[in-house]
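Student: Take this structure first; my questions come after.
The values are calculated or read from the model by the stated rules, or taken from the named source; none is laboratory data. Nothing here was measured: the structure is a model prediction, and the numbers come from that model. Ideal geometry is used to build each Cβ from the backbone, glycine not excepted, and the neighbour counts take in all protein chains shown.
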Protein chains: 2
Amino acid sequence: MPGIGRRSAERLAFHLLKADEPKAMALARAIADVKRAVKHCSVCSNLTDADPCPICEDSGRDRSRVLVVEQPKDLIALEQTGMYRGLYHVLMGRLSPLDGIGPGELTVAELMARLDTPAKNPGAVRIEEVILGLNPTLEGDGTGLYLAEEVRKRGVRVSRLARGLPTGAQLEYVSKAVLADAIEGRREMQ
Amino acid sequence: MPGIGRRSAERLAFHLLKADEPKAMALARAIADVKRAVKHCSVCSNLTDADPCPICEDSGRDRSRVLVVEQPKDLIALEQTGMYRGLYHVLMGRLSPLDGIGPGELTVAELMARLDTPAKNPGAVRIEEVILGLNPTLEGDGTGLYLAEEVRKRGVRVSRLARGLPTGAQLEYVSKAVLADAIEGRREMQ
């Protein structure tokens, strides 16, 4: 398990052996329950205990926009900003040809189905904008270029999250690549 | 001196006392020379040994654009990207009312003079765009808002460096403020 080495594993095992039976059983049951109850949403692939997930079910959200992320934890981070009121689509990874991860290993077909067949999108609303919220890394960018082409073929607008200076940073300490993005993407002030 | 504590200072002093005379004198002369030779450019306030500085003198640059930065080291960082071919203006700080730093303590009047009187800008070229390259901090933003208003009064376009995800970052680890900027500033992909 991540973050648990030989020593920690030993300590945990002995702790469970010393614990009274109901406590150990409660943990066993909690693990079994979580595996049984938490599924992927059949629409957006986010982790959920209801299907479709509460976000897809929320009729107060703008269902004509879909923000595409790599992992459920990216969705959680974006959702916590409170700045976005559309739907999501979780790719469950990114394209990585060297590791044998192509579009078939991700939920690309499910995303395209939502674009092609409005009935597959919550509320049967036609998707008008796909926002790419992939990591600003080499593989994230590659995945973004591939998706942008596929989405545009379908006549749907594609945008991506802004790239530039992170709020709170100091110009003199950020990398050249970040400064280049910041110059290239500069915005008129209203 | 920054980064030199009591111990380092002692070590340096003893090193100079042990060094042969010509070496110590060479260092003394170098320090005196640098203070004599390096001045602020009378146009952009950048550090330079010639006045105007080589950037202001370079007729190959686009003299209708001025990128405003807080410090000479910000200018150096932006210049190293090779992405910008216009001129600069160094404010020599930022507005900070609590520390008693107002527009009078900065080179704001010099910037406005360059806008008002093309003859004061290299090549007597009229400035058409002011790009604010201040630090993405509270004080930097405050300074930016003040300058934007002053520049706009003169009918000149104002833009600012892009704010958003820093290249190479992971969505799940960046702050909420950065994610909010990234959503708010998202860009259509061509």
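Student: Applying the selection to segment B:36-57, what residues are assigned to a loop (DSSP other than H, G, I, E, B) and surrounded by 15 or more Cβ atoms within 10 Å (Cβ to Cβ)? So that I can check it myself, show each step before the final result.
Tutor: In the first step, residues of segment B:36-57 are kept if they are assigned to a loop (DSSP other than H, G, I, E, B); the result is B:38, B:41-46, B:49-53.
B:C41, B:V43, B:C44, B:S45, B:N46, B:P52, B:C53, listed by residue number.
Student: Looking at (1) of a type in the set (V, I, T); (2) within 30 Å of A:T137 (Cβ to Cβ); (3) free of Cβ contacts under 8 Å to residues at least 40 places away in the same chain, find the lone condition where B:I131 falls short.
Tutor: All conditions are met except number (3).
Student: While we're looking at this one, here's another question. Tell me the residue from B:G82, B:G60, B:G100, B:G104 that is under 18 Å from A:L179 (Cα atoms), exposed (fewer than 15 other Cβ atoms within 10 Å of the Cβ) and not aliphatic (A, V, I, L, M), please. So that I can check it myself, show each step before the final result.
Tutor: Working: B:G60 fails: under 18 Å from A:L179 (Cα atoms); B:G100 fails: under 18 Å from A:L179 (Cα atoms); B:G104 fails: under 18 Å from A:L179 (Cα atoms).
Selected residue: B:G82, the only one of B:G82, B:G60, B:G100, B:G104 that is under 18 Å from A:L179 (Cα atoms), exposed (fewer than 15 other Cβ atoms within 10 Å of the Cβ) and not aliphatic (A, V, I, L, M).
Student: Mind checking which residues of segment A:29-85 are on the phi > 0 side of the Ramachandran plot and of a type in the set (S, T, N, Q)? Break it down stepwise before answering.
Tutor: Restricting attention to segment A:29-85, the residues satisfying the condition of being on the phi > 0 side of the Ramachandran plot are A:45, A:82.
A:S45, the sole residue that qualifies.
Student: So, B:G100, is that one under 15 Å from the mean Cα position of the chain (by Cα) and either more than 19 Å from B:R152 (Cβ to Cβ) or within 14 Å of chain A (Cβ to nearest Cβ) (or both) or not? It would help to see each step written out before you state the result.
Tutor: Working: under 15 Å from the mean Cα position of the chain (by Cα): no; either more than 19 Å from B:R152 (Cβ to Cβ) or within 14 Å of chain A (Cβ to nearest Cβ) (or both): yes.
The answer is no for B:G100.
Student: Output the qualifying pairs, or none if there are none: Cβ atoms under 7 angstrom, residues six or more apart or on different chains, first residue in segment B:140-157 and within 21 Å of B:D99 (Cβ to Cβ), second residue of a type in the set (A, V, I, L, M, F, W, C) and in a helix (DSSP H, G or I).
Tutor: Listed by first residue and then by second, the contacts come to B:E150/B:M112.
Student: Across segment B:1-12, what is the number of residues that are exposed (fewer than 10 other Cβ atoms within 10 Å of the Cβ) and either in a helix (DSSP H, G or I) or among the hydroxyl-bearing types (S, T, Y) (or both)? Let's see the steps before the verdict.
Tutor: From segment B:1-12, those exposed (fewer than 10 other Cβ atoms within 10 Å of the Cβ) are B:1-3, B:5-7; that's our starting set.
Pick out the ones that are also either in a helix (DSSP H, G or I) or among the hydroxyl-bearing types (S, T, Y) (or both) and you get B:6-7.
Total meeting the criteria: 2.
Student: Please verify whether segment A:77-94 includes one or more residues that are in the same structural domain as A:L147 (by TED's automatic domain parsing), touching a Cys at 6+ places or on another chain (Cβ under 9 Å), of a type in the set (S, T, Y) and under 24 Å from A:P54 (Cβ atoms).
Tutor: Going residue by residue through segment A:77-94, those that are in the same structural domain as A:L147 (by TED's automatic domain parsing) are A:77-94.
Filter once more, keeping what is touching a Cys at 6+ places or on another chain (Cβ under 9 Å): A:87-90.
Okay, now just the ones that are also of a type in the set (S, T, Y), so A:88.
Restricting the remaining residues to those that are under 24 Å from A:P54 (Cβ atoms) gives A:88.
So far as segment A:77-94 goes, yes, one or more of its residues are in the same structural domain as A:L147 (by TED's automatic domain parsing), touching a Cys at 6+ places or on another chain (Cβ under 9 Å), of a type in the set (S, T, Y) and under 24 Å from A:P54 (Cβ atoms).
Student: For segment A:134-190, give me each residue that is facing chain B (nearest Cβ under 8 Å), small (G, A, S) and not in a helix (DSSP H, G or I).
Tutor: Result: A:S159, A:A162, A:G164, A:G168, A:A169, A:S175, A:G185.
Student: Output the residues belonging to segment A:10-59 that are of a type in the set (S, T, N, Q) and touching an Asp or Glu at 6+ places or on another chain (Cβ under 6 Å).
Tutor: Initially, segment A:10-59 is screened for residues of a type in the set (S, T, N, Q), giving A:42, A:45-46, A:48, A:59.
The one that is of a type in the set (S, T, N, Q) and touching an Asp or Glu at 6+ places or on another chain (Cβ under 6 Å): A:S42.
Student: On to the next question. For segment A:85-97, which residues satisfy the criterion of being surrounded by fewer than 21 Cβ atoms within 10 Å (Cβ to Cβ) and not in a loop (DSSP other than H, G, I, E, B)?
Tutor: Scanning segment A:85-97 gives A:G86, A:S96, A:P97.
Student: Looking at segment A:50-84 only, could you name the residues that are more than 19 Å from A:P136 (Cβ to Cβ), at pLDDT below 95 and in contact with a Lys or Arg (Cβ under 7 Å, 6 or more places away or on another chain)?
Tutor: A:D51
Student: Given (1) within 7 Å of chain A (Cβ to nearest Cβ); (2) of a type outside the set (A, V, I, L, M); (3) part of a loop (DSSP other than H, G, I, E, B), identify the lone condition not met by B:R126.
Tutor: (1)
Student: Still on this model: Could you list, in sequence order, all residues of segment B:70-88 that are touching a residue at least 12 places away in the same chain (Cβ under 8 Å), at the interface with chain A (Cβ under 7 Å from one of its Cβ atoms) and under 10 Å from A:L171 (Cα atoms)?
Tutor: The answer is B:D74, B:L78.
Student: Could you list, in sequence order, the residues of segment A:1-39 that are among the acidic types (D, E) and farther than 30 Å from A:A50 by Cα?
Tutor: First pass over segment A:1-39, keeping only residues among the acidic types (D, E): A:10, A:20-21, A:33.
Matches in segment A:1-39: A:E10, A:D20, A:E21.
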